[in-house]
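Enquirer: Below is a structure I'd like to ask you about.
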Amino acid sequence: GAGVSQSPSNKVTEKGKDVELRCDPISGHTALYWYRQSLGQGLEFLIYFQGNSAPDKSGLPSDRFSAERTGGSVSTLTIQRTQQEDSAVYLCASSLDRNSNQPQHFGDGTRLSIL
Amino acid sequence: AQSVAQPEDQVNVAEGNPLTVKCTYSVSGNPYLFWYVQYPNRGLQFLLKYITGDNLVKGSYGFEAEFNKSQTSFHLKKPSALVSDSALYFCAVRDAWGKLQFGAGTQVVVTP
């Protein structure tokens, strides 16, 4: 389809392992956002990409979290040495650009469970 | 800093009755406001937005929202609720980078 695609849809891993979450935005969308949704914290912003640059990383909760975007398209969110508090649904969204009045379109998320 | 508040954790309504989900905001400058809906195990789905212009905004699936600057509110409304409207609703405000600041969400339960 033409929507935002995230993989895997579910990930279960042991505490201390590294995980990679992938986001394929809508073709032509230059702005890409990562959010985290958890029971205790609601929906939180993590990082924003414009093209391959990340001008706003203010929401990354610790240095165990990093993200990159290549070719102005696919983005990967990496969590190193996972902790139980990292368990959440990680949502990716894209929009035409940050100045656009068009809405952000969300993927269905990756549900991450840390054992 | 900007923020939005959704004062109700849950709204219960009978099918066919009007539905209102409340949202208030706090921003410096002009607010860019959005409503999204989330069904179980799905991402957020855009309903409507207020950028500028008419205070009454019409969106998807029969939803509308009224922007009230004096009350700093942006309440979501639907004249006649359906059972299929049962979902989690989020109000959000957009900042200059385009990132969204969400409210805590309101669970809507529509009973037959």
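Enquirer: What number of residues within segment B:46-68 satisfy the criterion of being free of Cβ contacts under 8 Å to residues at least 12 places away in the same chain and not acidic (Asp, Glu)?
Expert: 4
Enquirer: Quick check: anything in segment A:19-32 within 9 Å of chain B (Cβ to nearest Cβ) and open to solvent by 10 Å² or more (accessible area, probe 1.4 Å)?
Expert: Looking for residues that are within 9 Å of chain B (Cβ to nearest Cβ) and open to solvent by 10 Å² or more (accessible area, probe 1.4 Å), one finds none in segment A:19-32, hence no.
Enquirer: Can you name the residue in segment A:39-53 that is open to solvent by less than 30 Å² (accessible area, probe 1.4 Å) and out of contact with any Leu (no Cβ under 8 Å at 6 or more places or on another chain) and, of all such residues, is farthest from the other protein chains (Cβ to nearest Cβ)?
Expert: A:GLY51
Enquirer: Can you name the number of the only condition in (1) within 14 Å of chain B (Cβ to nearest Cβ); (2) modelled with pLDDT of 95 or more; (3) open to solvent by less than 30 Å² (accessible area, probe 1.4 Å); (4) not in a strand (DSSP E or B) that A:LEU60 fails?
Expert: In the conditions (1) within 14 Å of chain B (Cβ to nearest Cβ); (2) modelled with pLDDT of 95 or more; (3) open to solvent by less than 30 Å² (accessible area, probe 1.4 Å); (4) not in a strand (DSSP E or B), A:LEU60 misses (3) alone.
Enquirer: So B:GLY62 passes all but one of these: (1) closer than 23 Å to A:ALA31 by Cβ; (2) in contact with a Lys or Arg (Cβ under 7 Å, 6 or more places away or on another chain). Which condition number does it fail?
Expert: If we test B:GLY62 against (1) closer than 23 Å to A:ALA31 by Cβ; (2) in contact with a Lys or Arg (Cβ under 7 Å, 6 or more places away or on another chain), just (1) comes out false.
Enquirer: Return yes or no: is A:GLY42 under 22 Å from B:TRP35 (Cα atoms), small (Gly, Ala, Ser) and without any contact (Cβ under 8 Å) to a residue 24 or more places away in the chain?
Expert: yes
Enquirer: Can you name the strands (runs of 3 or more DSSP E) wholly within segment B:21-105 that have at least 1 residues being surrounded by 14 or more Cβ atoms within 10 Å (Cβ to Cβ), touching a strand residue (DSSP E or B) at 6+ places or on another chain (Cβ under 7 Å) and more than 13 Å from chain A (Cβ to nearest Cβ)?
Expert: Ranges flagged: B:24-26, B:64-68, B:73-78, B:87-94.
Enquirer: While we're on this one: Can you tell which of A:VAL4, A:VAL74, A:VAL12 is more than 17 Å from B:TRP97 (Cβ to Cβ), among the β-branched types (Val, Ile, Thr) and surrounded by 15 or more Cβ atoms within 10 Å (Cβ to Cβ)?
Expert: A:VAL4
Enquirer: Examine segment A:85-92 for a residue that is within 14 Å of chain B (Cβ to nearest Cβ), open to solvent by 30 Å² or more (accessible area, probe 1.4 Å) and closer than 17 Å to A:TYR48 by Cα, and state whether such a residue exists.
Expert: no
Enquirer: From (1) open to solvent by 70 Å² or more (accessible area, probe 1.4 Å); (2) more than 8 Å from chain B (Cβ to nearest Cβ), pick out the condition that doesn't hold for A:ASN99.
Expert: (2)
Enquirer: Hey, another quick one. I want to confirm something. Restricting to segment A:1-50 and keeping residues that are small (Gly, Ala, Ser) and in a loop (DSSP other than H, G, I, E, B), which single residue is nearest to B:LEU44 (Cα to Cα)?
Expert: If we filter segment A:1-50 for residues that are small (Gly, Ala, Ser), which is where we start, we get A:1-3, A:5, A:7, A:9, A:16, A:27-28, A:31, A:38, A:40, A:42.
Now restrict to residues that are in a loop (DSSP other than H, G, I, E, B): A:1-3, A:9, A:16, A:27-28, A:40.
On the way: A:GLY1: 17, A:ALA2: 16, A:GLY3: 12, A:SER9: 15, A:GLY16: 30, A:SER27: 19, A:GLY28: 20, A:GLY40: 18 Å.
Only one residue tops the list, namely A:GLY3.
The values are calculated or read from the model by the stated rules, or taken from the named source; none is laboratory data. Quantities reported herein were computed from a predicted structural model and do not represent experimental measurements. Cβ sites come from the backbone with ideal geometry, for glycine too, and all protein chains shown count toward neighbours. Surface areas here come from the heavy atoms of the whole protein model, side chains and all, with no ligands, DNA or RNA. Shrake-Rupley method; radii C 1.70, N 1.55, O 1.52, S 1.80 Å.
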